[in-house]
1. Please state which one of Lys269, Lys304 is in contact (Cβ under 8 Å) with a residue 60 or more places away in the chain, charged (D, E, K, R) and either open to solvent by 10 Å² or more (accessible area, probe 1.4 Å) or out of contact with any helix residue (DSSP H, G or I) (no Cβ under 8 Å at 6 or more places or on another chain) (or both).
2. Please work out if Arg340 is closer than 30 Å to Leu146 by Cα and either crowded, with 24+ Cβ neighbours inside 10 Å or touching a residue at least 40 places away in the same chain (Cβ under 8 Å) (or both).
3. Among the numbered criteria (1) charged (D, E, K, R); (2) part of a loop (DSSP other than H, G, I, E, B); (3) more than 21 Å from the chain's Cα centre (by Cα), which single criterion is violated by Asp50?
4. Can you name the number of the only condition in (1) open to solvent by 40 Å² or more (accessible area, probe 1.4 Å); (2) touching a residue at least 24 places away in the same chain (Cβ under 8 Å); (3) part of a loop (DSSP other than H, G, I, E, B) that Gln398 fails?
5. Looking at the structure I just gave you, is Leu293 without any contact (Cβ under 8 Å) to a residue 40 or more places away in the chain, surrounded by 15 or more Cβ atoms within 10 Å (Cβ to Cβ), in a helix (DSSP H, G or I) and out of contact with any Lys or Arg (no Cβ under 8 Å at 6 or more places or on another chain)?
6. How about region 385-395: which of its residues are farther than 26 Å from Glu344 by Cβ and open to solvent by less than 80 Å² (accessible area, probe 1.4 Å)?
7. Inspect all residues belonging to region 134-147 and state whether any of them is assigned to a strand (DSSP E or B) and closer than 21 Å to Leu173 by Cα.
8. Which residues, counting only those in region 310-324, are part of a loop (DSSP other than H, G, I, E, B), open to solvent by less than 80 Å² (accessible area, probe 1.4 Å) and farther than 13 Å from Gly115 by Cα?
Amino acid sequence: MGSSGFSWKLKDHPKLPKGKIIAVVVLDGWGEANPNQYNCIHVAKTPTMDSLKKGAPDKWRLVKAHGKAVGLPTDDDMGNSEVGHNALGAGRIFAQGAKLVDLALASGKIYEGDGFKYIKESFENGTLHLIGLLSDGGVHSRLDQLQLLLKGASEHGAKRIRVHILTDGRDVLDGTSVGFVETLENDLAKLREKGVDAQIASGGGRMHVTMDRYENDWNVVKRGWDAQVLGEAPHKFKNAVEAVKKLREAPNANDQYLPPFVIVDDNGKAVGPILDGDAVVTFNFRADRMVMLAKALEYEDFDKFDRVRFPKIRYAGMLQYDGELKLPSHYLVSPPEIDRTSGEYLVHNGIRTFACSETVKFGHVTFFWNGNRSGYFNQEMEEYVEIPSDIGITFNVQPKMKALEIAEKARDAILSHKFDQVRVNLPNGDMVGHTGDIEATVVGCKAADDAVKMILDAINQVGGIYVVTADHGNAEDMVKRNKKGEPLLDKNGNVQILTSHTLEPVPVAIGGPGLAPGVRFRKDVPEGGLANIAATVMNLHGFEAPEDYEPTLIEVVDN
């Protein structure tokens, strides 16, 4: 029994046998949308995934992977890999990132918490620095939350504020950065009228400055560090609107990849380097692209790049970005407490687990799947394998990524009979989709399909079961659309490419020689979402899910 009076022991499912090897395959960024030339999954040769669809409605269906189904504030909020894998692993819906921040800002609780009290100690003599993505995309941050935080911080004693902006163009249309900067400048001007010394201090494009993830390329963080902390960058401007407009004039420039810049005064001196005694808040709520900066800001012992200066600051994240590393140690909003995940239950009930992906999504099938928890539940029962991602190139250059290598590891794990569950993430649809390169995304989708085939062939060999699904949409619609659903054109008559996730549902397919006769998808869970998949997988392992889990998607019909 746990301290809270529940047992880790799962009840046996009355009609489903134990002992089958189950492959859980998550195709990242693989939604279901109308077939057309901008649907890379449709354009690509994907015979394996096409064959699974023939099992509809008994063995193939769609589930929701965005909005309230994954704990986000509204159904206008696109899903993402973090909340998607949280839901897949936890089997329940938890209020997530943006929603937690919204609640804390609306109630004013954010200003009463330990995190805010900690940074507030710097307001008297130091500067408050806010670093994050300037966007209303709602995936990593939201402009309205930054606006509320600026207002609240100034009302709670911040006299000198510097904002270090990262332009988006990935979760929102390329080119929207200019409007966001103008909005922010307008807000800062109002604060200055009230006697607060508030201005933008530095900036750069999110994929080139600061927002790398999974330690893929520390140079990205270093470029940000040089501008934000040291006040040094190759481009210097008197104001940020001019900076973004000017840097966007370069050939092939886009918001995601703008070079770093600093704002300087009339003497050419940076207006807002981070100094001893200052406070810093990273205002992104999503974790993955803030962890590396958090390490640079917080760790005394740090060898990833030469920081030149390591200022003594009070640093807080909007949320805690890594629960296992306790990073950062101070944060403004407490994370969702995700307990009793399906992975932990299954390990407690003897399910030996193998999980694998490449670097860019490895954390998703491990850390996020396990409720934002690093490490193993039981090292004897689990093995997690990370395949290094390509470094120093954009993913459209090598769109096959490591799909084949991931599939080979999964195949070998299945054929070894050492594991009861083999779980993978195939990142191609998402990572290549984010580049906006349609031809490359088509290649990536085919590679993912080939990988699925290799895994399902292995499942066939061992008499196992497969569950194939996705965490959110992306590659299935690569064009911006108007309200009628028609592609939007730019001023030159070219279609506007969509680089973000979508609001589309995702498939889930079950099958394999080990699937008991009579198993089919229920008809009475039409609104099913990603969180329903955990109970489904538990059933296929021969167990009933805990009572508070979202209901299973399957039933067993007596033949």
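1. Values: Lys269 fails: in contact (Cβ under 8 Å) with a residue 60 or more places away in the chain.
Exactly one of Lys269, Lys304 is in contact (Cβ under 8 Å) with a residue 60 or more places away in the chain, charged (D, E, K, R) and either open to solvent by 10 Å² or more (accessible area, probe 1.4 Å) or out of contact with any helix residue (DSSP H, G or I) (no Cβ under 8 Å at 6 or more places or on another chain) (or both), namely Lys304.
2. Numbers: closer than 30 Å to Leu146 by Cα: no; either crowded, with 24+ Cβ neighbours inside 10 Å or touching a residue at least 40 places away in the same chain (Cβ under 8 Å) (or both): yes.
It is false that Arg340 is closer than 30 Å to Leu146 by Cα and either crowded, with 24+ Cβ neighbours inside 10 Å or touching a residue at least 40 places away in the same chain (Cβ under 8 Å) (or both).
3. Going through (1) charged (D, E, K, R); (2) part of a loop (DSSP other than H, G, I, E, B); (3) more than 21 Å from the chain's Cα centre (by Cα) one by one, Asp50 breaks only (2).
4. (2)
5. Values: without any contact (Cβ under 8 Å) to a residue 40 or more places away in the chain: no; surrounded by 15 or more Cβ atoms within 10 Å (Cβ to Cβ): yes; in a helix (DSSP H, G or I): yes; out of contact with any Lys or Arg (no Cβ under 8 Å at 6 or more places or on another chain): yes.
So Leu293 does not fit the description; no.
6. So in region 385-395, the residues farther than 26 Å from Glu344 by Cβ come out as 388-395.
Ser389, Asp390, Gly392, Ile393, Thr394, Phe395, listed by residue number.
7. Let us first name the residues in region 134-147 that are assigned to a strand (DSSP E or B), namely 134.
Then keep just the ones that are closer than 21 Å to Leu173 by Cα; that gives 134.
Yes, because at least one residue in region 134-147 is assigned to a strand (DSSP E or B) and closer than 21 Å to Leu173 by Cα.
8. Step one: of region 310-324, the residues part of a loop (DSSP other than H, G, I, E, B) are 310-313, 320-321, 323-324.
Filter once more, so that each one left must be open to solvent by less than 80 Å² (accessible area, probe 1.4 Å): 310-311, 313, 320-321, 323.
Within region 310-324, Phe310, Pro311, Ile313, Tyr321, Gly323 qualify.
The values are calculated or read from the model by the stated rules, or taken from the named source; none is laboratory data. Just so you know, these numbers come straight off a predicted model, no measurement behind them. FYI the Cβ positions are ideal-geometry reconstructions off the backbone, even for glycines, and counts take in every protein chain you see. For accessibility, only protein heavy atoms count, side chains too; no ligands or nucleic acids. Shrake-Rupley method; radii C 1.70, N 1.55, O 1.52, S 1.80 Å.
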